[in-house]
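Written below as C-alpha cells is the structure these notes are about.
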Amino acid sequence: MTIVLLTALISVILAFFFYKQIHKYKYILYGFFGLLALVVSESGNIITLGFVPFGIFLVVMYTGVLDKGIVRKRLALVRAEYAIIGSILLLPHAIGYLEIYLDEVFPKLAGWSQLFGVLAFLTMIPLFVTSFQFIRKKFSYKEWKSLHKVAYVSYLFIFAHLLILNNDRFFYYLAITVVYIALKVPTVYKWIEKRKKT
Amino acid sequence: MMKNKILLALAAFMLTISFVNEPIQDTIDIVAGATNQTYGTSVDSYASASTNGSYDDDGYEEEDDD
C-alpha cells in the first residue's frame, strides 16, 4: 500500500505546484506514459501490478469529495489529465492479467474479483476516450457530464475488485471505500434535494 | 474544511501503518522491478506457479531400494 499512497501523495503535490505545466504539456505526458506502459508491460512491477494507476485514480476519485478551496481547484484542473494518465498506466495491468486468465487459467476459474476488474476496465474505456479534450468538444456539456456519471459505477467495480481480492491490503481498501462513500453521500443527498425542488 | 482534514488524517494514518507493516526493502525491490512476498501476484497460484515457501518437492523424494 506504500506505493499506492506515495503515488497519490506525489500526484497531489505535483498537481498543486505544477497544474499549469501538467495541463499545458498534457500530450507530451500522455506520450511519455504511453511509452512507459509499453516498456514495462512484460514484467511484474509497480505499474503492471496496478499500484501506480490505482494511486493516480485515488486522486481522481477523491478530488470530487474535497471541500471547495485551492486544493480542490488545482486538482480539478488536472483531473482529466490524471484520469487519462491513470487509464494509460492501467492498460498493462488490465490487459496483462486478462491475457493470463484467458491463456493460462480457464475463465471459469477466474473469481468475482477478476470479473469486477474486467467490468471496471470496460466501463472505463468510454470515460478514457471522452476525457481527451478534442473528443470532449464533440459533446454538449450536459451529455458529457451524464456520460461521466458512469465513473461512479466504475469506482464501485474497482472497490469490489479490490475488496473481493481479500489480500493483505483488505483493510486499507475497506477504509478507502468506506471513507469515499461516507464523504460522497452528503453530496448525492444535496443533489437529490436540489432536483426535487426544481 | 472538514472533509479535507478527514482525508489528510486518513492518508497520514494509512501511510504510517503501511510503512510499519510493509518492509521498506520490499518496497524498494518492487520499485526496482522485483516482485516479493509483500508485493506479490496472486495470479501465480492459479497459473500453477509455486509461491513463497511452498515449492513442489516431488522430484526430491527418496525412492525405496526394496
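Summary of computed values
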item	result
Accessible area, probe 1.4 Å, largest first, for residues A:ILE95, A:ILE84	A:ILE95, A:ILE84
Nearby lysines by direct alpha-carbon distance to A:LYS26 (threshold 23 angstrom, same-chain neighbours under 8 apart not counted)	A:LYS73, A:LYS137, A:LYS138, A:LYS145
Chain A - percent relative contact order, Cα under 8 Å, separation 6 or more	21 percent
Most to least accessible of B:MET2, B:MET14 (protein chains only, probe 1.4 Å)	B:MET2, B:MET14
Accessible area of the range A:87-198 belonging to carbon and sulfur atoms, whole % at 1.4 Å probe	70 percent
Alpha carbon centroid spacing (whole Å) that separates the range A:3-55 from the range A:125-145	21 Å
Cα principal axis extents for the range A:45-198, largest first, Å	53, 36, 30
Fraction of accessible area attributable to carbon and sulfur, the range A:9-69 (%, probe 1.4 Å)	76 percent
Accessible surface of A:VAL78 - all protein chains present, 1.4 Å probe, nearest 10 Å²	0 Å²
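The values are calculated or read from the model by the stated rules, or taken from the named source; none is laboratory data. These figures come from a predicted structure and were not determined experimentally. Accessible surface areas use protein heavy atoms only, side chains included; no ligands, DNA or RNA. Shrake-Rupley method; radii C 1.70, N 1.55, O 1.52, S 1.80 Å.
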